[in-house]
1. Tilt of helix 123-132 relative to the longest C-alpha principal axis of the chain, in degrees (0 to 90, nearest 10)?
2. Please give the peptides 261-274, 377-390 ranked by average Cβ packing (other Cβ atoms within 10 Å per residue), highest first, as a rough proxy for protection.
3. Any idea which of Ile195, Ile263, Ile126 is furthest toward the positive side of the dipole for the stretch 51-285, if Lys and Arg beta-carbons carry +1 and Asp and Glu beta-carbons -1?
4. Could you state the angle between the C-alpha long axis of helix 212-230 and the longest principal axis of the C-alpha atoms of the chain, as a value from 0 to 90 degrees rounded to the nearest 10?
5. Whole angstrom only: what separates the Cα centroid of the stretch 175-250 from the Cα centroid of the stretch 62-88?
6. Roughly to the nearest percent, how much of the accessible area of the chain is carbon and sulfur, given a 1.4 Å probe?
7. In debye, nearest 20, what is the charge dipole magnitude of the chain about its Cα centre with +1 on Lys and Arg Cβ and -1 on Asp and Glu Cβ, if you could check?
8. At a Förster radius of 60 Å, what calculated FRET efficiency corresponds to the Cβ-Cβ distance of Ala131 and Glu337, to the nearest 0.05?
Amino acid sequence: MTLSTQLKDTVTKVPAAAVAANQAFDYVQPTNTHIEQLAAQFGAPLMVLDCEAIRRQYHALKNALPGVVLHFALKPLPLAAVVRTLLEEGASFDLATSGEVDLVASQGVPSERTIHTHPIKRDSDIRDALAYGCTVFVVDNINELEKFIAYKDQAEILVRLSFRNKDAFADLSKKFGCSPDVAIDIISYAQQLGIRIKGLSFHVGSQSPNPTKYVEAINACAKVITKVSELGLPALSTLDIGGGFPVPYSVDVLPIDVFCAPINVALAQLPETMQIIAEPGRFIVASSVTSVASVMGQAQREGKTWYYLDDGIYGSFSGLMFDEAAYPIDSAKQEGERFESVLAGPTCDSIDVVSDSIMLPKLNNGDLIISRMMGAYTLATATDFNFFKRAEVVVLNEQVHSQVLTG
Ligand SMILES: *Cc1c(COP(=O)(O)O)cnc(C)c1O
C-alpha cells in the first residue's frame with residue numbers, strides 16, 4: 001500500500017453546514033471548543049484538516065506573486081481532500097513520485113496542470129508520469145539527462161540549479177541542483193541529444209527566513225538564460241522558483257506580500273515572455289491542520305511532570321526530528337497554575353519527546369493537548385512504530401462558503 005492510500009483510508013469527512021454570506025476568505029481557525037468536540041466524537045490522536053485555510057493560503061500566495069503559476073508540492077501533506085480543494089481553486093501541482101501521480105490522477109487533476117520535479121528518478125517514475133500525461137521533468141546532471149533520450153519526443157526538461165542556504169530549515173541545495181556552468185553543459189548536451197530544455201528551476205530551501213536567496217537565485221538564473229541565447233541554443237521559456245515560502249510557527253515571519261515584493265522586482269528583470277512558476281508546499285498547508293493528542297499517563301521525574309501522549313515524534317510530531325518546526329502546543333485546559341512539564345510520545349523509545357520544557361496546568365489522564373500549524377511534514381512523515389497507529393484525519397470545510405463545524 002502506498003503512503004497516499006494509507007493516509008486516504010483514515011480520512012473521515014465532517015459534513016459542514018452552508019452559510020449564506022460569502023465568507024470564503026474571512027478565515028477563522030477552528031476554536032479549542034470545536035477541536036474538543038471533534039476529539040470527543042472521533043477520539044485521539046486526531047488531525048483536523050480545515051480546507052478553508054488551504055484556500056486562504058493559496059490565494060494569499062497567488063496575490064503576492066501575480067502572474068506566477070503555483071504548483072502545489074504534494075510532499076508535505078499528500079491528502080486527497082487537499083488535492084480536491086486546490087484543484088477547485090485552479091491550482092497546479094508538483095509531483096515527485098508515482099504515488100503522487102496516482103493521487104492527483106485519482107482526483108481528476110488534468111495532467112497539463114502538473115510537473116514532475118524529482119531530480120533523480122527511476123525509469124518507472126518517468127514512464128508512470130508520462131502515461132498519466134505529465135511531460136515536464138527536472139534534471140541536475142548528465143546521467144539523469146541521458147534517461148530522457150528514450151522519451152525525447154514527449155518530455156521537456158527543467159535544469160535545477162543549486163544555491164546553498166544555511167538559514168533554511170532544510171537546505172535542499174546540498175542534495176540537489178548543479179552550478180550555472182554545469183547547467184550550461186547540460187543544456188548544450190541536451191541540444192546534441194535532441195532533448196528539449198524548457199527552462200531552469202531551483203529550491204532555496206524550506207522555511208526560508210528571508211527573500212534574499214530567491215533574489216540571488218533569480219539573478220543567477222537570468223545570467224544563465226542570457227548565456228544560453230548567446231550560445232545560440234534554443235531560448236529558455238520557463239523559470240521555476242521552487243518552494244520554501246515561510247509560515248509563522250512560534251516565531252513571526254514576514255507577511256507573504258512583503259516577503260514576495262523583492263522577488264517580484266527580480267522577476268520583472270527577466271525577458272517578458274518568460275513563464276514563471278513556483279512549487280509551494282509548506283506555505284499552502286502548514287496552517288490547515290490542528291492536531292489533538294490525549295494524555296495516556298503521567299509520572300514525576302526530577303521535579304517535572306511527564307505527560308505521555310498518544311501521539312509523538314514517530315507520529316504527527318515527526319517533523320520535530322528534521323524540520324525544527326516549533327509548533328504552537330498547549331493544553332485544551334486553560335485554567336489553573338502552570339508548571340514546567342515534559343510532553344512525551346507514546347513509544348518505548350527515549351528520543352520520543354515532543355517538548356522537554358513546556359508550561360502546563362495540572363492535567364488528568366485523558367486531557368487533550370492541541371497543536372496548531374501541524375499541516376506540513378507531520379502526518380506525511382509519521383510512522384506506525386511500536387504499532388501506535390498514526391492519527392486519523394478529519395476534514396472540515398471541503399465545501400466552499402461553509403461553517404467550521406455543524407452542531
Ligand atoms: C519539498 C519540495 C517543495 C516544497 O517545498 P516547501 O519548502 O514545503 O515549500 C517544492 N519543490 C520540491 C522539488 C521539493 O522537493
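1. 90 degrees
2. On the way: 261-274: 14.3, 377-390: 18.9.
The most tightly packed comes first, giving 377-390, 261-274.
3. Result: Ile263, furthest along the dipole toward the positive end.
4. Tilt of helix 212-230: around 20 degrees.
5. 21 Å
6. The C+S portion of the solvent-accessible surface of the chain is 53 percent.
7. Working: 32 positive and 46 negative charges, 87 e Å.
About 420 debye.
8. Efficiency at R0 = 60 Å is approximately 0.45.
The values are calculated or read from the model by the stated rules, or taken from the named source; none is laboratory data. Here the structure is a predicted model, which is why all the values come from computation and not from measurement. So basically every Cβ, Gly included, is an ideal-geometry build from the backbone, and we count neighbours across all protein chains shown. Just so you know, the surface numbers come from the protein's heavy atoms only, side chains and all, with ligands and any DNA or RNA stripped out. Shrake-Rupley method; radii C 1.70, N 1.55, O 1.52, S 1.80 Å.
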